[in-house]
Amino acid sequence: MERCSQEWFESLSAWHDGEVTRDDARRIEAHLATCEACQRDAERLAMLSEHVRATPFEGVTARVQAAAEVSLRGTPSKRRWPWAVAAAAAFALAASTLVDRGDLPETVSQEILIRHLAGFARSRPCDIESSDPRVVSSWLTEHAGYPVSVHVASDTELLGGRMCQLGGNHTAAVMLRRAGAPVTIFVPPPSSDTARRAQQLADDGLRCTSGPVGSSICATRSPQTMLAVAESDSSQVSAALVTSLP
């Protein structure tokens, strides 16, 4: 999807939060009148804000909010966006009430969802932008320090990859779009606690569990341990995971 510049997105975010002068507001609004990419971003900001306003925050713990803050520190933006932190915390709260704790611990589910939402909240979600699985595999393997294989079906769009933190470990993340829904596939370090949790969820095959409202988390353990999450039904998430296998 075509985007405007990083600088304009930062200005737009500040304008949306009421943090600009009148002169800057006029300049930004004049730009909005002619820039379709920024118009889409403005609509996204408005939708996120509406969701946050409609979400009760009494149950959001300091730990969840801190994790949301940490997950957003990797953004190339010079200012942190309160709406993105709040949205991540809101969805994490929903996750804590809906995830089957027999499948994944609450803390693990929350962190997976926060990392996914925070990644796609960035104006440039990927650290490496490429639709070539070989390029993304090579980059992630180099930066993760362990083998990462990326395979994508023809009906799934590969956006690229990035590095994030899961369970205190540097973790490879593959960024996809399937049926219009953003999907993140995490490939945790083989010996990490997150990998062990994913293997327990996957059992001997591929299994899914409920995430926040309308979303799913799926896991597989062979030939590499992977966790996929999306704001979509489990069939789309599991399909993205299956097509990522070699």
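Could the peptides 36-42, 114-120 be put in order, highest first, of the mean number of other beta-carbon atoms found within 10 Å of their residues? Before the final figure, lay out each step's value.
On the way: 36-42: 16.1, 114-120: 25.0.
Order by mean packing, descending: 114-120, 36-42.
Please list the equivalent ellipsoid semi-axes of segment 126-242, computed as the square roots of five times the alpha-carbon gyration tensor eigenvalues, in descending order and whole angstrom.
Over the Cα atoms of segment 126-242, the ellipsoid semi-axes are 19, 18, 12 Å.
Which one, 167, 239, 185, projects farthest toward the positive side of the charge dipole computed for segment 126-242 from Cβ point charges (K/R +1, D/E -1)?
Ranked along the dipole, the leading option is 167.
Under the √(5λ) rule applied to the eigenvalues of the Cα gyration tensor, what semi-axes describe the equivalent ellipsoid of segment 102-191? Give them in Å, descending. Walk me through the intermediate numbers first.
Details: eigenvalues 80, 53, 30 Å².
Its equivalent ellipsoid spans semi-axes of 20, 16, 12 Å.
Any idea what the relative contact order of segment 122-225 is, in percent, if you count C-alpha pairs under 8 Å spaced at least 6 apart?
Values: 183 pairs, mean separation 18.8, N = 104.
Rounded, it is 18 percent for segment 122-225.
Enumerate the amide H contacts of residue 207 below 5 Å, restricted to partners 5 or more residues apart or on another chain; note that Pro and chain-start residues carry no placed amide H.
Distant-sequence amide H within range of residue 207: 219.
Would you mind getting me the FRET efficiency between residue 24 and residue 196? Use the beta-carbon distance for r and R0 = 51 Å, nearest 0.05. Before the final figure, lay out the partial values.
Details: r = 50 Å, r/R0 = 0.98.
E(calc), rounded to 0.05, equals 0.55.
Taking the Cα centre of segment 126-242 as origin and charging only Cβ (+1 Lys, Arg; -1 Asp, Glu), how large is the dipole, in debye to the nearest 20? Mind dumping the intermediate values first?
Values: 8 positive and 11 negative charges, 43 e Å.
In debye, rounded to 20, segment 126-242 gives about 200.
Quick one: Karplus J couplings for segment 154-162, per residue in order, coefficients 6.51, -1.76, 1.60, θ = phi - 60°, nearest Hz, x for Gly and Pro?
After applying 6.51 cos²θ - 1.76 cosθ + 1.60, I find 5, 8, 10, 8, 8, 8, x, x, 7 Hz.
Please give the peptides 140-150, 22-32 ranked by average Cβ packing (other Cβ atoms within 10 Å per residue), highest first, as a rough proxy for protection.
Details: 140-150: 17.5, 22-32: 12.9.
Going from most to least packed, we get 140-150, 22-32.
We did not get these values from a lab; they are worked out from the coordinates using the rules stated. Quick caveat, the model's predicted, so the values are computed rather than measured. Reconstructed Cβ throughout: ideal geometry from the backbone, glycine too, with neighbour counts over all protein chains shown.
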